[in-house]
1. If you scan segment 144-156, which residues turn out to be touching a strand residue (DSSP E or B) at 6+ places or on another chain (Cβ under 9 Å) and either modelled with pLDDT of 90 or more or surrounded by fewer than 10 Cβ atoms within 10 Å (Cβ to Cβ) (or both)?
2. Which of the residues spanning segment 187-233 are part of a helix (DSSP H, G or I), in contact (Cβ under 8 Å) with a residue 24 or more places away in the chain and within 16 Å of ligand 3 (Cβ to nearest atom)?
3. Look through segment 70-89, keep the residues that are touching a residue at least 60 places away in the same chain (Cβ under 8 Å) and more than 17 Å from the chain's Cα centre (by Cα), and return whichever of them is farthest from residue 206 (Cα to Cα).
4. Could you count how many residues in segment 116-126 are in contact with a helix residue (DSSP H, G or I) (Cβ under 7 Å, 6 or more places away or on another chain) and either more than 22 Å from residue 307 (Cβ to Cβ) or in contact (Cβ under 8 Å) with a residue 60 or more places away in the chain (or both)?
5. Give the residue, chosen from 72, 96, that is part of a strand (DSSP E or B), surrounded by 16 or more Cβ atoms within 10 Å (Cβ to Cβ) and within 15 Å of ligand 1 (Cβ to nearest atom).
6. Only one residue in 227, 205, 238 is at pLDDT 90 or above and under 15 Å from residue 292 (Cβ atoms). Which one?
7. What tally of residues in segment 366-377 results from selecting those that are part of a strand (DSSP E or B) and surrounded by 23 or more Cβ atoms within 10 Å (Cβ to Cβ)?
8. Exactly one condition in (1) within 16 Å of ligand 1 (Cβ to nearest atom); (2) surrounded by fewer than 16 Cβ atoms within 10 Å (Cβ to Cβ); (3) more than 27 Å from residue 220 (Cβ to Cβ) is false for residue 159; which is it?
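The values are calculated or read from the model by the stated rules, or taken from the named source; none is laboratory data. No experiment lies behind these values; they were computed from the predicted model shown. Every residue, glycine among them, receives a Cβ derived from its backbone with ideal geometry; neighbour counts consider all protein chains shown.
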Ligand SMILES: Nc1ncnc2c1ncn2[C@@H]1O[C@H](COP(=O)(O)OP(=O)(O)O)[C@@H](O)[C@H]1O
Ligand code: SF4
Ligand SMILES: [Mg+2]
């Protein structure tokens, strides 16, 4: 607990509650020195927490609502720079219900990617840190014995006793003991892809509290990420097959090279690659952009993830390929019975793919609801502006609507509504405190002073 108390003390020094380090003018050399000194202390403490050894009880928790697969609550993710603390994610809360697609939308720089990188714990330290908040994820993990090893599922006889079989070497010949008798071992069950089966259990982890060396239990295995530019995520010096097999090995203890190849080819086929053998043997540069994105998706799927995070998955692709990749994602989500967090700045994609929408602005959620609520009844002036700035087939102007003004400086956010300087619907109250989240339907929430006069409770 000592670490926790020290951390809280340091945090207050750096962020000084609502007071920000930068004061909206050019910083003097001394000010920069002071900021970096204070930052260094808090970064070190956060890094220490990240690399600590912790008992599972410190990060096992419970979901608030059992229907959700992911619950993000009051997440703050900061970058500690010499100019001050960049509050890239500044109190974000939203849920992803099991089996649904949640679209995260907002202008560039509003914190969408940083939110997803926080869930994956891929923030670049020591500058990038989860500062506070919870990320609860319902995982489906290997059950482990006292020594931390996964527990195999054995084939059993009708009377419940474990079935034994002859141990075979890699050429398929029976292994003999020193007396010349065949060595017999318990026979382990395999699934339909021929992978060895282990006992599984459901557990809720607070990802924000997990030490970094525990993240492999979730990252890539239960939550997979698909990035915008597949070329940067594939290693140019290894074949697609090498890279896919590696993923299979990491997540399937005891898999043989043959099993891994079979599973890799199966995955390539699943994502609609017609000549899986050829792609398996190819290098990334030999494939087109759309094909590489399919490979990335197959890699993300190699371990049946429960949640797929797709960060602008089609932005780098041309329009026809875009549609194919989105179809593929939708198809696969149903097949693996998973959920998707879909990040995009394109409202058209959201309308087509998402069940729920989260609208972000300057590191905060300003409105959220079902796709129909956000499209047919947008409430926040920013959401309304976003809708207007979307090109349509029947708009007869050739200039696009543009929300005037810029996002405030993330190092020095105002106390009042972050959208005030760009808002055409401002009222007197808007110069006061930041608006609380108001519930307008069981699923629709908005943070704006125009709504919920009576029930404007803090959320
Ligand atoms: N490594 C970093 N150092 C400092 N600031 C960063 C870093 N990465 C992101 N940011 C800041 O975090 C904010 C959110 O970025 P991001 O989540 O990438 O936006 P987007 O919504 O476009 O995905 C931006 O203001 C960006 O400048
Ligand atoms: S709170 Fe006020 S300034 Fe902010 S979006 Fe609503 S009306 Fe505009
Ligand atoms: Mg981004």
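1. Selection gives 151, 152, 153, 154, 155, 156.
2. 230, 233
3. 83
4. So in segment 116-126, the residues in contact with a helix residue (DSSP H, G or I) (Cβ under 7 Å, 6 or more places away or on another chain) come out as 119, 121, 123, 125-126.
Imposing the further condition that a residue be either more than 22 Å from residue 307 (Cβ to Cβ) or in contact (Cβ under 8 Å) with a residue 60 or more places away in the chain (or both) reduces the set to 119, 121, 125-126.
Number of matching residues: 4.
5. Values: 96 fails: within 15 Å of ligand 1 (Cβ to nearest atom).
Every option except 72 fails the conditions.
6. 238 is the lone residue from the list that is at pLDDT 90 or above and under 15 Å from residue 292 (Cβ atoms).
7. So in segment 366-377, the residues part of a strand (DSSP E or B) come out as 366-370.
Filter once more, so that each one left must be surrounded by 23 or more Cβ atoms within 10 Å (Cβ to Cβ): 366-369.
Residues flagged as part of a strand (DSSP E or B) and surrounded by 23 or more Cβ atoms within 10 Å (Cβ to Cβ) within segment 366-377 amount to 4.
8. All conditions pass for residue 159, except number (1).
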